[in-house]
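One structure is given here, and the rest of the page talks about it.
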Amino acid sequence: MQDVEIDLSNIDLSSQQGIRLQKIADSCREVFNEIDKARLKWEPNDVRDLRNRICSNISILNAFNGRITRDNVTALLKAKTNEQHQIYLDWLSPAVYATQQCDYISRRQPETGEWFLESPEFQTWLEKPQQTLFCPGIPGAGKTILSSVVIDELESRYGNNRDIGVAYIYCSFYRNDDRIQKPECLFASILRQLAQGLFPVPHIIQALYEKHRLKGTQPSVEEMSRALPLIAIHFSRLFIVIDALDECRFTAMSRVLNDIFCLQATHNVNLLATARFIPEIMTRFLGKPTKEIRGSKPDVMRYLRANLNKLPAFVSRNLQLQQEILIGITNAVDGMEEVTESY
């Protein structure tokens, strides 16, 4: 009993394990008490019975101690594996778009963008594999917020399904530098998002890590391109969303699109992309389904109603003036949802 108490003194037991250990200890003490009371009048059968009970309790204690030790070793190995998993991901790409996604989706008014999610074009894209949906829009139409709505819908539907992967990229003029929006960096971000749900990390990523970490180098665009289908095979379907293609360098955007289009030929990959009406980008999506993004009047009206409290006090006291503001701005916006904020 003393040996077991020493072994387990530095281990945090669960409540169930604590109850189990207490029952074993009570059983052992009961045997010891019987030995102390009966030691002057032992009969052979009593000795044999006590010996069997002592051996049984020792076996139970040893099994309990061994199980606790194994559980703790397993927990340590799991923690070490998770730590190494994160090391691989952080090395692969520092570009994480989850913060931007949280920011954009937090700006969404309830039910905004439902018209797009319910559209036949989006529903077809969602249900059928190997689909592309190009969503152009004028500046200020709300393309980025709508992209966040699509991503949120995908994560809500498939976030707990390990067979379906979701990855996304938010291109931006403010991030338009070689460190972030080179094609290999864009590939790396997609690979990271897909690999973060795979345990263990796929061999191809481990191999790239071992090849480059000691040299302090990063994988080339060709290495990243070859890795993409090797990661894709882990999923029955993949959804990739790229927002604001026009805010990415054309050469980088073109390379990424080429590889995704090639991947679609052999894997169940769905791509949704947004951009302004730029001819060079439009030509890349010729013959593919298109859904224009416009600031819908119901969405604009929802935004305005949610922000009326930010207007001067004299407006809040005048219902007729509020109605005139709602109607006037909604009619003036004409498809430019983000312009509403400037009013």
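Readers should treat all values here as calculations from the given coordinates under stated rules, not as data from a laboratory. None of the values given here were measured: they were computed from a predicted structure. Cβ sites come from the backbone with ideal geometry, for glycine too, and all protein chains shown count toward neighbours.
Of the GluC sites (Glu not before Pro) in region 117-177, the ones in a loop by DSSP (not H, G, I, E or B) with at most 15 other beta carbons within 10 Å are GLU118.
Restricting the trypsin sites (Lys or Arg not before Pro) of region 120-200 to loop positions (DSSP other than H, G, I, E, B) with no more than 10 neighbouring Cβ atoms within 10 Å leaves ARG179. The local environment of ILE260, defined by Cβ-Cβ distances under 15 Å, has a net charge of +2 under the rule Lys, Arg +1 and Asp, Glu -1.
Between HIS203 and GLU127, the C-beta separation translates, for a Förster distance of 35 Å, into a calculated FRET efficiency of about 0.60. Between ARG157 and PHE173, the distance separating the two model label sites (each 7 Å from Cα on the Cα→Cβ line) works out to 3.3 nm.
Among the listed pairs LYS143/LYS182; LYS143/LYS291; LYS128/LYS288, which have their C-alpha atoms separated by more than 19 angstrom in this model? Where the Cα-Cα span goes over 19 Å, the pairs concerned are LYS143/LYS182. The slack between ARG276 and ASP103, meaning 0.36 nm per residue of separation minus the straight C-alpha distance, is 60.1 nm.
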